[in-house]
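A quick write-up on the structure given underneath.
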Amino acid sequence: MGIAFLMNGLAGWGRGYGFVEEKIGEDAYKKRGKNYYLAVKYQAVQAIALGSLVKKVAEIIFKGNISFTTKLLCNVVPLLSIPFFTFLAAIHHGKYEHIRDGWNKVAPKSLKFPEKLRDRAVDVFRFLSEQSGDLFRIAMVAGLIALVALGQFVYAAFGLLAFKFEEALRTGALSLKVRLFAETYLPAVGFIGAIIDGTLLDRFITICTEPLGFTPKIALSIQKAVDYL
């Protein structure tokens, strides 16, 4: 019972905190010079986290007997979010023509982009670019609440706790010592939780990217390189 509680708690916290961390990063880059290209990585990882949660819900509903197609969708669709959000960022920065010209050189006639997007389409794409993190956040919270209804109380409670923690960070309700503790140790806890629970794609992304943040010199070098762009 104790081991199961710990594993479920770590997995739930990893799922929630991993998402929250990326949402904070996305918001930071959007506020810093409104550069939506730099937010693409964070948006894509949020999509991957949501894919993992959808897989978790499906596994419980179907008692682990989910189809290969469902598993494929939970891995492939989030991966496609990388070019999708890059496309949205280009539109947001008024670079649609560059994307259109490059794509139309290689695309078959039936898949070529139009010469110009309608104003309504541009508004929709900009809305998705700006609000994707909030939409993902709503979907994540809804998924965790669904897990409560499915009896996954520990997993869901720790996942929702991570979102409550993020709210406290945003509102400045936490002391400096608590924030420093969180920045130092919680990413490692989230890393362990994400490895325990997640799709193959989610685990791969976590293993490749998260350890960089544990090494201050590497993390600082990456941050300086990104800020220079």
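Readers should treat all values here as calculations from the given coordinates under stated rules, not as data from a laboratory. This one's a predicted model, so the numbers in the text were calculated from it and none came from an experiment. Every residue, glycine among them, receives a Cβ derived from its backbone with ideal geometry; neighbour counts consider all protein chains shown.
Find how many whole Å separate the alpha carbon centroid of region 78-107 from the alpha carbon centroid of region 46-68.
Using only Cα atoms to place each centre, the spacing works out to 29 Å.
Amide H neighbours of L174 under 5 Å, counting only residues 5+ apart in sequence or on other chains, H built in-plane at 1.01 Å?
Distant-sequence amide H within range of L174: zero hits.
Step through the residues of region 38-48 one at a time and calculate ³J(HN,Hα) from phi using the Karplus curve (6.51 cos²θ - 1.76 cosθ + 1.60, θ = phi - 60°), rounding each to whole Hz and writing x for Gly and Pro.
6, 7, 4, 4, 5, 5, 5, 5, 4, 4, 5
Determine ³J(HN,Hα), in whole Hz, for all residues of region 3-15 in sequence, where each value follows from phi through the Karplus function 6.51 cos²θ - 1.76 cosθ + 1.60 and θ = phi - 60°; x replaces Gly and Pro.
3J(HN,Hα) across region 3-15, in whole Hz: 5, 4, 4, 5, 5, 5, x, 4, 5, x, 5, x, 5.
Using +1 on the beta carbon of Lys and Arg, -1 on that of Asp and Glu, and nothing else charged, what's the dipole of region 29-116 about the Cα centre, debye to 20?
Here region 29-116 has a charge dipole of around 220 debye.
Applying 1/(1 + (r/R0)^6) with R0 = 25 Å to the Cβ-Cβ distance of K34 and E167, what FRET efficiency is obtained, to the nearest 0.05?
Once the sixth-power term is evaluated, E becomes 0.60.
I need S110, S52, S175, S81 ordered by Cβ neighbour count within 10 Å, fewest first.
Sorted ascending by nearby Cβ count, the order is S110, S175, S81, S52.
For region 18-44, list residues with backbone N below 14 Å from a point placed 7 Å from the Cα of A121 toward its Cβ?
none
So what is Rg over Rh here for region 23-65, counting just Cα atoms and using Kirkwood for Rh?
A ratio of 1.27.
Which of the GluC sites (Glu not before Pro) found in region 19-115 are in a DSSP loop and have at most 10 neighbouring Cβ atoms, other than their own, within 10 Å?
E115
Using a Förster distance of 41 angstrom, determine the FRET efficiency expected from the C-beta separation of K95 and F204, and round it to 0.05.
The formula returns an efficiency of 0.90 here.
Please report, in whole Å³, the volume per residue of the convex hull around the C-alpha atoms of region 1-112.
Per-residue hull volume (Cα only) is 120 Å³.
Rank these for me by crowding, M7, M140, going from fewest to most other beta carbons within 10 Å.
So the residues, fewest neighbours to most, are M7, M140.
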